[in-house]
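Q: Got a structure for you, questions after.
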Amino acid sequence: MSANIRFKSPVLVLAAVVFAIGCKDRGGDGGGDGRHSKNHGPRGGDGEILVGEYGSMTGSTATFGVETHNGIQIAVDETNEAGGVKGRKLRLISLDDQGKSDEAVTTVTRLIDLDHVVAVLGEVASSRSKVGARVCQRKRVPMVTPSSTNPEVTKVGDYIFRVCFIDPFQGLVMAKFARTNLGLTKVAILRDVRNDYSVGLADAFKEAFGRLGGTVVSDLSYNEGDTDFSAQLTTIKTAGPQAIFVPGYYTEVGNIAVQSKRLGLDVPLLGGDGWDSPQLVEIGGEALNGSYFSNHYSAERATPTAQRFIDEYRRRYHETPSGLAALGYDAAKILFDAMGRATTIDGPTIRDALASTRGFDGVTGNITIDAGRNAVKPAVVLKIEGGKYEYVATIEP
Ligand code: PHE
């Protein structure tokens, strides 16, 4: 068991055990065959190819890390079953950053300096991807984030890629949806002020909603880890919005939903991909009925590629994959595809191959990497009803 995996709550024990089994992490291979030998190095010969992953397997965004890991693991197994990459088997080394930025730096540094991984997958949260990306860029190891949507992440440098859309688009999607589909004119915003993703998405929404003729009647903040939002919600109530845009992560959003209803604020919440967790409705319950959020895919609208993934995910994990799981799978598949096209397995060559990815048939849509190393893709809007997500619309870029 890796020292990096810590069990924080009983609910997460099972998920974390699955994670630990899946990742065959440090010290666990028993073979002692020199993971740090030349064969495993970035310019290595014909041994296993080591790929790193960092994510929040524990902490308040634990479902992000665990579900992403599950998707990545399916991609690794599938690729290995089909013969690996260039006849070499892939080995995934996954580390838990506990949802902390300083741990993100530590885990990425460890993956590169100690394990000599040839590429890194992760993180989910933009703030953590940004700091991890700086390490990858400095060491010229390609990083692919499955799901970080803040524009700054890939701007860190030419070794940093993503397979998802970015927040200026996601903000526009929800602003358009609020203005046009729901016909709203007055919306309040409640943002997680130290979270790059939340701030960026709130700004993008605000700009677009205003441009479309709407008014943001109140724009307030909270901090990740807060549990009492009554002061902000009371102020918001007096501003009389028709909806509240809450571009945060699921733990706080669930609590905000419950407390807003308790204060008699009977308006829907609107949000982004950070809502995507089974924990959201566990925490928010009925208070979330009639709320909407944008996301990367809907299992209700599956292409044949998506359906194959959904079937395999259900067979292994007994649940329908979230957008995170689907993006984890896509990020890994795109990386392995690039490695297959690269003439040699080293950082700069894999980087070039990643940059030339065009029209990749992913679970979350058709993926082309643009000049800014971002993916241009549609978003879906989902409605929450009775603890379930209903597909509402697909919005093209
Ligand atoms: N887009 C979020 C971020 O950048 C992360 C996220 C993606 C969370 C998808 C849930 C689902 O921080």
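The values are calculated or read from the model by the stated rules, or taken from the named source; none is laboratory data. It should be emphasised that the depicted structure is a prediction, and the values quoted were computed from it without experimental measurement. Glycine gets a Cβ as well: all are built from the backbone with ideal geometry, and neighbour counts include every protein chain shown. These accessible areas exclude ligands, DNA and RNA; they are computed on the full protein's heavy atoms, side chains included. Shrake-Rupley method; radii C 1.70, N 1.55, O 1.52, S 1.80 Å.
Q: Considering only protein heavy atoms, what per residue accessible area in square angstrom results for the chain with a 1.4 angstrom probe? Provide the component values of the computation, followed by the final result.
A: Details: 14850 Å² over 397 residues.
Heavy-atom SASA per residue in the chain reads 37 Å².
Q: Ok, one more. May I ask you to derive the relative contact order of the chain, considering only C-alpha pairs under 8 Å and at least 6 residues apart, and to give it as an integer percent?
A: Details: 870 pairs, mean separation 62.9, N = 397.
That works out to 16 percent.
Q: Just from its helices, what would the mean residue ellipticity at 222 nm be for the chain, if runs of 4 or more DSSP H residues each count -39500 (n - 2.57) and the sum is divided by every residue, rounded to the nearest 500 deg cm²/dmol? It would help to have the intermediate numbers written out before the result.
A: On the way: 13 runs with 162 residues, N = 397.
Helix-only estimate at 222 nm: -13000 deg cm²/dmol.
Q: In whole percent, and with a 1.4 Å probe on the protein chains, what portion of the accessible area of the stretch 167-295 is carbon and sulfur?
A: Working: 2220 of 4590 Å².
Solvent-exposed carbon and sulfur of the stretch 167-295 make up 48 percent of the total.
Q: Using only Cα atoms, find the angle between the long axis of helix 10-23 and the longest principal axis of the chain, and express it within 0 to 90 degrees, rounded to the nearest 10.
A: The answer is roughly 30 degrees.
Q: Which three extents, in angstrom, do the Cα atoms of the chain have along their principal axes, listed largest first?
A: Largest first, the chain extends 66, 42, 38 Å along its Cα principal axes.
Q: Further, regarding this structure: Which trypsin sites (Lys or Arg not before Pro) in the stretch 333-397 sit in a loop by DSSP (not H, G, I, E or B) and have at most 12 other Cβ atoms within 10 Å of their own Cβ? Write down the numbers at each step before the final one.
A: Details: sites: 333, 341, 351, 358, 373, 383, 388; in loops: 358, 373.
Answer in residue order: 358.
Q: Another question, then. Work out how much length residue 86 to residue 286 would gain on full extension: take 0.36 nm times their residue separation and subtract the Cα-Cα distance, in nm to one decimal. Show your work: numbers first, answer last.
A: Numbers: separation 200, 0.36 × 200 = 72.00 nm, distance 5.07 nm.
Additional length available on full extension: 66.9 nm.
Q: May I pose another question? Give me P(r) over the stretch 254-397, computed from all C-alpha to C-alpha distances, binned every 10 Å, as integer percentages.
A: 11, 34, 29, 18, 7, 1, 0
Q: Among the lysines, which have Cα under 26 Å from the Cα of residue 377 when same-chain residues fewer than 8 positions away are ignored?
A: Reachable lysines: 130, 155, 176, 206, 333, 388.
Q: Classify the stretch 167-295 from the C-alpha gyration tensor, please: rounded if a/c falls under 1.5, else prolate or oblate depending on whether a/b exceeds b/c.
A: On the way: a/c = 1.40, a/b = 1.23, b/c = 1.14.
Verdict is rounded for the stretch 167-295.
Q: Using Cα pairs under 8 angstrom and six or more residues apart, how large is the relative contact order of the stretch 292-361, in percent?
A: Numbers: 38 pairs, mean separation 15.9, N = 70.
Relative contact order here is 23 percent.
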